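K.L.:
Could you have a look at this structure, given as structure tokens, before my questions?
The values are calculated or read from the model by the stated rules, or taken from the named source; none is laboratory data. Please read all numbers here as calculations on a predicted model, not as lab measurements. Here the Cβ is made from the backbone with ideal geometry for all residues, glycine too, and neighbour counts use every protein chain on show.
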Amino acid sequence: MSVDGVGDYEAEDIRAIVSRILKDLGDPEPPLNLAQVRTLLDLNVGYYSTANTTLLQDVAARMKVAGKQVLERPMLLVEAVMKVKLSALWVPDSKRILIDETVPKPKHRWIEGHEVGHSVIPWHREFLFGDNEFTLDPVCHAVVEAEANFAASQLLFLQKRFAAEARDSALEFNSVKAFAKRFGNTITTTFWRMIEDRDPDAPVFGMVTAHPRYPEIGSGDNGEPIRYFIRSRAFREKFGHITPEGAFALIERNATHKKTGPVFDAMEVLCNANGEACEFQLESFCNSHALLTFGMFVKLKPAFARI
Ligand SMILES: [Zn+2]
């Protein structure tokens, strides 16, 4: 199975590395305890502030952001952090993960998983990686960052454990919320894994967007309404022609004026690659930061159904 932005061989290596870590931890129950991961790997974590720079005394000579050298000359880490607007760092010499203490708490877990990824992927290990909002975004296409994000999701969702449990639950927002709590991860990252991993053979798409009736909820920095368009393997194969804009049009058409909680429930028709009309059940939920919507294949429209 290929992973966005990560080569097949690399994905296999990363799966094996994470699987070894989980095995060494005795195949733990969710939620994964990151303090135990750090102890096992002999890593430490620190929270820096640009007002208190004692943790940032190292020199950033070998720092890469999104896989590229960005500093023309060695400079103090504190200057580098401000120059490239970093939220977190992996510092190889001191085996240390540094996180900007002003980053909201719910994001720390993903960031830590990402930095653990840099620390355990053998071809990343020796670089000082600087991370900002761009590299920590699950759709970052810089290869090393996609690899670290893949390692983070493998770790935080305990590999196949999440998919196995998710398959026993219906695809609905109540299960997304329950799994977010059980695995200790955010609603958005859990929603993402539900779409991709719960049943890759079922055509399902998910969107993280602005709320069409309240664009101030969920719009990107530039006012862009669509943040993520997530697809199961079967949806990619059978509905590869559906664009993010096409899927968002369905949301615009159905959105109610409810600001939080369930926003709409609807049936819509999408054509598959063979031109057959397919019914999709759409459900949309607003968590006050963004609108999360999934669309799940139900059946071929009766006129097209094969007998
Ligand atoms: Zn990174």
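K.L.:
Which members of the stretch 264-278 meet the condition of being surrounded by fewer than 16 Cβ atoms within 10 Å (Cβ to Cβ) and in a strand (DSSP E or B)?
P.N.:
Result: ASP265, MET267, VAL269, CYS271, ALA277.
K.L.:
Does ARG62 satisfy the condition of being touching a strand residue (DSSP E or B) at 6+ places or on another chain (Cβ under 9 Å), of a type in the set (D, E, K, R) and at pLDDT 90 or above?
P.N.:
So ARG62 fails the test.
K.L.:
So, GLY261, is that one surrounded by fewer than 12 Cβ atoms within 10 Å (Cβ to Cβ), within 16 Å of PHE191 (Cβ to Cβ) and either in the same structural domain as ILE217 (by TED's automatic domain parsing) or β-branched (Val, Ile, Thr) (or both) or not?
P.N.:
Yes, satisfied.
K.L.:
A further question on this structure: Just one of PRO92, PRO74, PRO28 is under 23 Å from the mean Cα position of the chain (by Cα), surrounded by fewer than 19 Cβ atoms within 10 Å (Cβ to Cβ) and either over 18 Å from TRP110 (Cβ atoms) or at pLDDT 80 or above (or both); which is it?
P.N.:
Residue meeting the stated conditions: PRO28.
K.L.:
Here's another thing I want to ask about it. Just one of (1) under 30 Å from LEU32 (Cβ atoms); (2) without any contact (Cβ under 8 Å) to a residue 12 or more places away in the chain trips up ARG233, so point out which.
P.N.:
(2)
K.L.:
Restricting the first residue to the stretch 62-86 and requiring it to be touching a residue at least 24 places away in the same chain (Cβ under 8 Å), which pairs with a second residue that is among the aromatic types (Phe, Trp, Tyr) meet a Cβ separation below 8 Å and a spacing of at least six or different chains?
P.N.:
Matching pairs, first to second residue: ARG62/PHE127; MET63/PHE127; MET63/PHE129; LYS64/PHE127; LYS64/PHE129; VAL65/PHE129; ALA66/PHE134; VAL81/TYR48.
K.L.:
Exactly one condition in (1) more than 16 Å from the ligand (Cβ to nearest atom); (2) touching an Asp or Glu at 6+ places or on another chain (Cβ under 7 Å); (3) in a loop (DSSP other than H, G, I, E, B) is not met by GLY223; state its number.
P.N.:
So GLY223 meets the others, but not (2).
K.L.:
Can you confirm whether the stretch 51-61 contains a residue that is in the same structural domain as ALA152 (by TED's automatic domain parsing) and closer than 25 Å to ALA146 by Cα?
P.N.:
yes
K.L.:
Could I ask something else about it? Select the helices (runs of 4 or more DSSP H) contained entirely in the stretch 121-209, then report the ones holding at least 1 residues which are more than 16 Å from the ligand (Cβ to nearest atom).
P.N.:
Hits in the stretch 121-209: 160-167, 173-183, 187-197.
K.L.:
Sticking with this structure for a sec: Go through (1) out of contact with any helix residue (DSSP H, G or I) (no Cβ under 9 Å at 6 or more places or on another chain); (2) under 28 Å from ASP201 (Cβ atoms); (3) surrounded by 14 or more Cβ atoms within 10 Å (Cβ to Cβ) one by one and return the number of the condition ALA255 breaks.
P.N.:
So the condition that ALA255 fails would be (2).
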